[in-house]
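The values are calculated or read from the model by the stated rules, or taken from the named source; none is laboratory data. Bear in mind the structure is a predicted one, so any value in this text is a computation, not a measurement. All Cβ positions, even for glycine, are placed from backbone atoms using ideal geometry, and neighbour counts span all protein chains on display.
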Amino acid sequence: MPTSPLSRRQFNIASLSALGLSLVGLAGCGKKKSGTFNIGVLSPKTGPDAQVGVSCEQGARLAAHCLQESSLPIEMIYADTESGVDQGRTKAEKLISQGAHLLIGAHHSGITAAIAQVCEQRHVPLVINISASPKLTQQGYRYVFRNFPTTETLAHNGLGLMKDLFDQTQTQPKTAVILYINDTYGESMVQAMQAGIPKYQLPFTVIDSLSYDPRTQDLSAEITRVKAAKADLLIPISRLNDAILMIRECVKQRYQPMGIISPGSPGMYEKQFYSVLGEHSDFCMINTAWHNPTSPFCQKIIKTFYQLFPDSQFDLNVAFTFEAVWIAADAYRRAESSDPEALREALVTTHITERVVYGGPIAFDAQGQAKNIQSVGLQNVQGKPKIILPTALAETKPVFPVPKWQPS
């Protein structure tokens, strides 16, 4: 979005003004506190999840910019998990040693689990921006809070949206194959789907389920098997790079399903997916947690984002990381302290009514799990993810069954 140039201070004041009442509590908290509140942000800026990590950090920087003219003395410290569990653990330790009072991270469930152990041992609150494995909030941790749905929630919401799609388009796919990554997230997502499919009385039968390493460079054998099964639906549980490989192989082998529908995994809604695949990225569907484009607050945040990052895409990674910083700032304001126990107690009672993500107020249950996040149905249209469900939020109508692949 083109804008006229602004000085840094002008931009910060404009950002705060645009956020209106949502910053009254944060900006109007009296005298500036002594010292600083240090927030450490962990994201995978190198390795296979690098593009996702860049988007996550943009979300944190967006929130930090929006808070700069408040009276909260917040400092952000950024670290790269390098898409690795050991590296994530080491970087978490380093951030805490550098004075981080609270950590945010880290997209990958396995890496986040390692960081959660560090935070629990060191009594440092962790606000999980993105990671869906249910175990993260089932360990009895006191310092771990997750503002992201579990795989069970994603799967059940995603299956419900599939049923809505079939009802709206009056279609009855008969067979499906699940193609999934064999990491912590992928395996827990498959389990949740298998438990949820009977509940929603979906018309299809899962005739095969194939796993693969998320770092693979070749999915030809898997797509050959899917094509041979003549499945009406391909249900992928992927990440970005392997999602690109999957579509390329589907096009190459001319596998023509009624649709490719993810129940909530990353990859197919991200900017690199569109830039690499071009028109072959269109018509893929993803049912997932997402921002609410009808919310005036969300609209203002998106406008500010494109002022900061005009060549990027506002997506799930940005939205949830923005909210994680917002949650941390709100807890610090109410705690009036960077003491870990005071922060933890403030996080327990979080209640933020105006938010970016689609759903009810930001709040946590007794396990530190977010309670009010809902999902939307997305379909890629001309290189962008568009909401197709629920109807109240829809930006376009669904196309299903999808058109056949066109030669490159």
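For this structure, a couple of remarks:
- Remark: pairs (first residue in region 386-397, surrounded by 15 or more Cβ atoms within 10 Å (Cβ to Cβ); second residue of a type in the set (Asp, Glu) and assigned to a loop (DSSP other than H, G, I, E, B); Cβ separation under 7 Å; 6+ apart in sequence or on different chains) = 386/395; 387/395.
- Among residues of region 298-325, those that are assigned to a helix (DSSP H, G or I) and under 17 Å from residue 43 (Cα atoms), counted: 10
- When region 224-245 is filtered for residues that are in a helix (DSSP H, G or I), of a type in the set (A, V, I, L, M) and farther than 10 Å from residue 277 by Cβ, the ones remaining, listed by number, are 226, 228, 229, 240, 245.
- Criterion: touching a residue at least 60 places away in the same chain (Cβ under 8 Å) and out of contact with any Asp or Glu (no Cβ under 8 Å at 6 or more places or on another chain) - qualifying residue of 299, 272: 272
- Applying the criterion of being among the polar types (S, T, N, Q) and farther than 15 Å from residue 129 by Cα to the residues of region 69-113, the residue that is surrounded by the most Cβ atoms within 10 Å (Cβ to Cβ) is 83.
- Here is the figure for region 114-154: residues that are without any contact (Cβ under 8 Å) to a residue 40 or more places away in the chain, assigned to a helix (DSSP H, G or I) and crowded, with 23+ Cβ neighbours inside 10 Å total 3.
- Consider region 34-63 and keep the residues that are small (Gly, Ala, Ser) and surrounded by fewer than 19 Cβ atoms within 10 Å (Cβ to Cβ). The one that is nearest to residue 317 (Cα to Cα) is 50.
- Considering (1) of a type in the set (Gly, Ala, Ser); (2) in a helix (DSSP H, G or I); (3) at pLDDT below 95, the lone condition that residue 264 does not fulfil carries the number (2).
- The set of residues in region 197-212 being at pLDDT 95 or above, within 26 Å of the chain's Cα centre (by Cα) and not hydroxyl-bearing (Ser, Thr, Tyr) consists of 210 alone.
- From 385, 310, 340, 398, residue being assigned by TED's automatic domain parsing to the domain that holds residue 61, farther than 16 Å from residue 127 by Cα and not acidic (Asp, Glu): 310
- Within region 353-408, tally of residues that are closer than 18 Å to residue 150 by Cα and assigned to a strand (DSSP E or B): 10
- Sole exception among (1) within 16 Å of the chain's Cα centre (by Cα); (2) modelled with pLDDT of 95 or more; (3) outside any strand (DSSP E or B) for residue 249, by number: (1)
- Among (1) under 25 Å from residue 70 (Cβ atoms); (2) surrounded by fewer than 18 Cβ atoms within 10 Å (Cβ to Cβ); (3) out of contact with any strand residue (DSSP E or B) (no Cβ under 9 Å at 6 or more places or on another chain) - the single one residue 279 does not satisfy: (1)
- Restricting region 165-196 to residues that are crowded, with 18+ Cβ neighbours inside 10 Å and part of a loop (DSSP other than H, G, I, E, B), the residue that is modelled with the highest pLDDT is 173.
- Qualifying residue in region 287-308 (condition: touching a Cys at 6+ places or on another chain (Cβ under 6 Å), among the polar types (S, T, N, Q) and more than 22 Å from residue 76 (Cα to Cα)): yes
- Those residues of region 197-251 which are charged (D, E, K, R), surrounded by fewer than 17 Cβ atoms within 10 Å (Cβ to Cβ) and in contact with a His (Cβ under 9 Å, 6 or more places away or on another chain), in sequence order: 199
- Test: residue 157 is crowded, with 19+ Cβ neighbours inside 10 Å, under 19 Å from the mean Cα position of the chain (by Cα) and not assigned by TED's automatic domain parsing to the domain that holds residue 246: no
- Residue ranges of strands (runs of 3 or more DSSP E) in region 37-113 with at least 1 members among the acidic types (Asp, Glu): 74-80
- Taking the listed residues 146, 142, 122, the one that is touching a Leu at 6+ places or on another chain (Cβ under 9 Å) and among the basic types (Lys, Arg) is 146, with no other qualifying.
- Among the residues making up region 330-377, a single one is touching a residue at least 60 places away in the same chain (Cβ under 8 Å), within 19 Å of residue 76 (Cβ to Cβ), among the small types (Gly, Ala, Ser) and surrounded by fewer than 23 Cβ atoms within 10 Å (Cβ to Cβ): 338.
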